[in-house]
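Working notes, structure below.
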Amino acid sequence: MELNFYGALREVVSQKTIEYFPAQSLTLRELLLKVISRYPGLQTELFDENEELLSHILIVVNGKNVSYLQGILEKPLTSHDRIGVFPAISGGGTLELNRWR
């Protein structure tokens with residue numbers, strides 16, 4: 001499996017890609033928790049106190065956004081899956097709309 005981290009999450013793991021070769025099939029939750037055991041700083045970046053994925057985290061599996069799917073953390077993964085983990089992205093300041101009228 002290949003996990004790619006983006007934005008501020010990449011800084012936590014100090015690299016873009018982590019390759020993981022599990023001995024057995026894992027769910028997305030199990031995989032993320034294993035990565036967190038190696039990079040504890042990810043815990044508060046990805047999960048709330050109930051170990052539910054934070055709403056602003058985007059998960060992409062094999063190019064498809066799966067973040068919104070019910071029960072996605074319990075989805076079994078295969079050894080060939082590519083997972084992307086994106087933090088919320090925002091930018092710029094507030095726009096003064098009246099200035100443009």
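Within the stretch 54-93, the set of residues being hydrophobic (A, V, I, L, M, F, W, C), over 16 Å from Leu26 (Cα atoms) and touching a residue at least 60 places away in the same chain (Cβ under 8 Å) comprises Val85, Phe86, Ile89. A single member of Phe5, Phe47, Phe21 is surrounded by fewer than 12 Cβ atoms within 10 Å (Cβ to Cβ) and among the aromatic types (Phe, Trp, Tyr), and it is Phe21.
The residue that is farthest from the chain's Cα centre (by Cα), among those in the stretch 7-36 that are closer than 20 Å to Lys75 by Cβ and among the polar types (S, T, N, Q), is Gln24. Of all residues in the stretch 4-26, those satisfying the criterion of being under 18 Å from Val66 (Cβ atoms), touching a Lys or Arg at 6+ places or on another chain (Cβ under 8 Å) and not in a loop (DSSP other than H, G, I, E, B) are Asn4, Phe5.
Mind listing whichever residues of the stretch 37-56 are aromatic (Phe, Trp, Tyr) and over 16 Å from Gly7 (Cβ atoms)?
Taking the stretch 37-56 first, the residues aromatic (Phe, Trp, Tyr) are 39, 47.
Phe47 - this is the single residue of the stretch 37-56 that is aromatic (Phe, Trp, Tyr) and over 16 Å from Gly7 (Cβ atoms).
Being β-branched (Val, Ile, Thr) and either loosely packed, with under 10 Cβ neighbours inside 10 Å or within 14 Å of the chain's Cα centre (by Cα) (or both) is the filter here; which residues of the stretch 78-87 pass it? Outline the logic, then answer.
Quick first cut of the stretch 78-87, residues β-branched (Val, Ile, Thr) only: 78, 83, 85.
The answer is Ile83, Val85.
From the residues in the stretch 63-77 that are in a loop (DSSP other than H, G, I, E, B) and not basic (Lys, Arg), which one is nearest to the chain's Cα centre (by Cα)?
Here is the first cut: in the stretch 63-77, the residues in a loop (DSSP other than H, G, I, E, B) are 63, 66-71, 75, 77.
Now restrict to residues that are not basic (Lys, Arg): 63, 66-71, 77.
On the way: Gly63: 13, Val66: 10, Ser67: 9, Tyr68: 12, Leu69: 14, Gln70: 16, Gly71: 15, Leu77: 14 Å.
Looking at residues that are in a loop (DSSP other than H, G, I, E, B) and not basic (Lys, Arg), I get Ser67.
Being assigned to a loop (DSSP other than H, G, I, E, B) and free of Cβ contacts under 8 Å to residues at least 60 places away in the same chain, is that true of even one residue in the stretch 27-38?
Pass one, the stretch 27-38, residues assigned to a loop (DSSP other than H, G, I, E, B): none.
Among the residues of the stretch 27-38, not one is assigned to a loop (DSSP other than H, G, I, E, B) and free of Cβ contacts under 8 Å to residues at least 60 places away in the same chain, which makes the answer no.
FYI, it's all coordinate maths here, none of it is from the lab. Owing to the predicted nature of the structure, the values given are computational and were not obtained by experimental measurement. Cβ: placed from backbone, ideal geometry, glycine included. Neighbour counts: every protein chain shown.
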